[in-house]
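Structure record follows, encoded as structure tokens.
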Amino acid sequence: MTIRELTSGDRNRAVEVINTAAEWYREFLPPEEIHSPEMDEAAWEAERRRMTWWGAFIDGELAGVIGSEPAGQAVLLRHAYILPRHQRRGVASALVEHIEERLQQQPDARRLVVGTYAANYKARGHLEKSGFRLAEDPETALRTYYDIPEGRLRASVVYEKPLSRPSGEGKPPAGR
Ligand SMILES: CC(C)(COP(=O)(O)OP(=O)(O)OC[C@H]1O[C@@H](n2cnc3c(N)ncnc32)[C@H](O)[C@@H]1OP(=O)(O)O)[C@@H](O)C(=O)NCCC(=O)NCCS
């Protein structure tokens, strides 16, 4: 597997991956919350202007994508979509690890934040396996980081993961 930043040249394939993987939402979301397509090329480009798209390639084929967006001391992970035939083989986890490694160079970035539907057990399983934990105050996190309608807020959970820092940086002061 190779991982690299995606460019406009990858847009067409990336949007196909997203819309194929997003079919999964039909299994647990009510019909009124399904977008068809989940994302079009214009929306993908608009997202590219505010965040970085990453892609995982297997045998030269784009197998999955994810976006990382800086938000103060947090970095939001957004739009994780892995083609169904490549799921459950660690592709999403490898993308997260790649972003974590890149963020080692950015001391301002303190933690990764991901919002997802409470019912999305695939995403929750992947996040927990990757070392994320549920945020203690999901409502504040959702209101701070996402432009989210009330109904969706109530149906969502937030996961966080502190970013490890080399040699003690970022550790809390010793207690008494
Ligand atoms: C969620 C998603 C990105 C995970 O990608 P992935 O590459 O399969 O995840 P990983 O292989 O890194 O992690 C595997 C873990 O995820 C969970 N998981 C993934 N697919 C699962 C499935 N079909 N059933 C149950 N758990 C699943 C499990 O905890 C699994 O660990 P296990 O195999 O030891 O049980 C992928 O399922 C996907 O694209 N889903 C559709 C879009 C989506 O829901 N995106 C999330 C937006 S936040």
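List of remarks:
- Of the residues contained in the range 40-50, none is found to be part of a strand (DSSP E or B), surrounded by 13 or more Cβ atoms within 10 Å (Cβ to Cβ) and modelled with pLDDT of 95 or more.
- Residue in the range 104-114 that is touching a residue at least 60 places away in the same chain (Cβ under 8 Å), within 16 Å of the ligand (Cβ to nearest atom), closer than 30 Å to Asn12 by Cα and in contact with an Asp or Glu (Cβ under 8 Å, 6 or more places away or on another chain) present: no
- Selected residue [touching a Gly at 6+ places or on another chain (Cβ under 7 Å), part of a helix (DSSP H, G or I), within 14 Å of the ligand (Cβ to nearest atom) and without any contact (Cβ under 8 Å) to a residue 40 or more places away in the chain] from Leu127, Leu142: Leu142
- Within the range 145-165, being within 16 Å of the ligand (Cβ to nearest atom), basic (Lys, Arg) and farther than 25 Å from Ile82 by Cβ holds for no residue.
- Meets criteria (touching a strand residue (DSSP E or B) at 6+ places or on another chain (Cβ under 7 Å), closer than 24 Å to Arg165 by Cα and crowded, with 18+ Cβ neighbours inside 10 Å) for Leu83: no
- Conditions (1) under 20 Å from Gly125 (Cα atoms); (2) in contact (Cβ under 8 Å) with a residue 12 or more places away in the chain; (3) not in a loop (DSSP other than H, G, I, E, B); number of the one not met by Leu29: (3)
- Within the set Arg4, Arg13, the sole residue that is at pLDDT 95 or above, touching a Leu at 6+ places or on another chain (Cβ under 6 Å) and surrounded by fewer than 16 Cβ atoms within 10 Å (Cβ to Cβ) turns out to be Arg13.
- Lone qualifier among Gly67, Gly55 - being under 17 Å from Val17 (Cβ atoms), touching a residue at least 12 places away in the same chain (Cβ under 8 Å), within 15 Å of the ligand (Cβ to nearest atom) and touching a His at 6+ places or on another chain (Cβ under 7 Å): Gly67
- Selection status of Ile148, in a loop (DSSP other than H, G, I, E, B) and β-branched (Val, Ile, Thr): yes
- Filter pass, Glu16 being touching a Pro at 6+ places or on another chain (Cβ under 9 Å), of a type in the set (D, E, K, R) and part of a helix (DSSP H, G or I): no
The values are calculated or read from the model by the stated rules, or taken from the named source; none is laboratory data. All of these numbers come straight from a predicted model, not from anything done at the bench. All Cβ positions, glycine included, derive from the backbone under ideal geometry; neighbour counts span all protein chains shown.
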